[in-house]
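Some notes on the structure that comes next.
The values are calculated or read from the model by the stated rules, or taken from the named source; none is laboratory data. These figures come from a predicted structure and were not determined experimentally. FYI the Cβ positions are ideal-geometry reconstructions off the backbone, even for glycines, and counts take in every protein chain you see.
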């Protein structure tokens, strides 16, 4: 479903979104370089997932905002070809789908985890390549499809297969806002917007314009390939982080370096540095990191902690492991020695040595 800007109701300004800095950063990076592969936003209801995606399209010049409904078919997504006209010798007639309409804008997929895998495959192929190819009975047609893919999902309703997760560039995992002051600020802003959208947008007009200009300037710098040579330090940092996360394949390395370049361009840096790679590593590796890597990292952090007085005795013996076992098994008690007295009946059953007299019962 495509909606023109004139048909849209007033949008909540991107610059007014508070409490979700990672979401804002991930959306801006994906807009700077759509080759990153889009953004997957995980989180509970009411955490500004759809608000951020719609507000991002407003920052891009003449950018359409396209929504992919859950009931969409493959032809609805990629478009259709008029096979009869093509076989008659006339030109191929193409009916554009949602991928063609989203070119140059934002394609929003709510509950992407509930889409059929076949649609997700096609969607991710187009997002990565920037081209949509339709083939039917030996007749093919292609068109540009460069868009910012934003997929949202609630983890309580299921997740995507690991193969599909890896093909999504960035991942943001949102939590409910637990800070009282920040929560009140967000509610006040939303109520003010609902009461008078135009007045609220006027308050953020200057910030919106500055944000849009900064985004355009960063895009121009990023498109200059000579301005971002790949340094050995940045490449080494990316490789070390991906190895530490136990990722599969090389896609994570490529996405990490693309995201780091976009981050450097956004901050008007002169060159790509390792600190830029570190700044975006969580967004790139959050959904690719193996559970074993996360457990290993947590174990190393626990080993690095010095023993506390509560877990060490005066004689220097470490009792941390005993406390951990007791915590894991409620009611655990260490083994205690119990005196055992052998009865005379039991002695009768023991084998006698050679020459030993037989004991008689009293």
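Does any residue of segment 50-72 turn out to be part of a loop (DSSP other than H, G, I, E, B) and without any contact (Cβ under 8 Å) to a residue 12 or more places away in the chain?
yes
Please work out if residue 139 is in contact (Cβ under 8 Å) with a residue 40 or more places away in the chain, more than 21 Å from residue 107 (Cβ to Cβ) and surrounded by 17 or more Cβ atoms within 10 Å (Cβ to Cβ).
no
Given (1) touching a residue at least 60 places away in the same chain (Cβ under 8 Å); (2) touching a strand residue (DSSP E or B) at 6+ places or on another chain (Cβ under 8 Å); (3) closer than 24 Å to residue 281 by Cα, where does residue 102 come up short, assuming only one miss?
(3)
For segment 195-259, give me every one of the helices (runs of 4 or more DSSP H) that falls completely inside it and has 2 or more residues that are surrounded by fewer than 17 Cβ atoms within 10 Å (Cβ to Cβ) and under 23 Å from the mean Cα position of the chain (by Cα).
232-244
On the given criteria, is residue 189 in contact with a helix residue (DSSP H, G or I) (Cβ under 7 Å, 6 or more places away or on another chain), in a helix (DSSP H, G or I), surrounded by 16 or more Cβ atoms within 10 Å (Cβ to Cβ) and assigned by TED's automatic domain parsing to the domain that holds residue 17?
Yes; evaluated as a whole, the condition is true for this residue.
Take segment 260-286 and flag every residue that is assigned to a helix (DSSP H, G or I), farther than 13 Å from residue 36 by Cβ and within 15 Å of the chain's Cα centre (by Cα).
279, 281, 282, 285
Being under 23 Å from the mean Cα position of the chain (by Cα), at pLDDT 80 or above and surrounded by 19 or more Cβ atoms within 10 Å (Cβ to Cβ) narrows it down to one residue among 102, 118; which is it?
Just a single option satisfies the conditions, and that option is 102.
Being in contact with a strand residue (DSSP E or B) (Cβ under 9 Å, 6 or more places away or on another chain) and exposed (fewer than 14 other Cβ atoms within 10 Å of the Cβ) is the filter here; which residues of segment 142-156 pass it? Walk me through it before giving the result.
Quick first cut of segment 142-156, residues in contact with a strand residue (DSSP E or B) (Cβ under 9 Å, 6 or more places away or on another chain) only: 142-155.
Those that are in contact with a strand residue (DSSP E or B) (Cβ under 9 Å, 6 or more places away or on another chain) and exposed (fewer than 14 other Cβ atoms within 10 Å of the Cβ): 142, 155.
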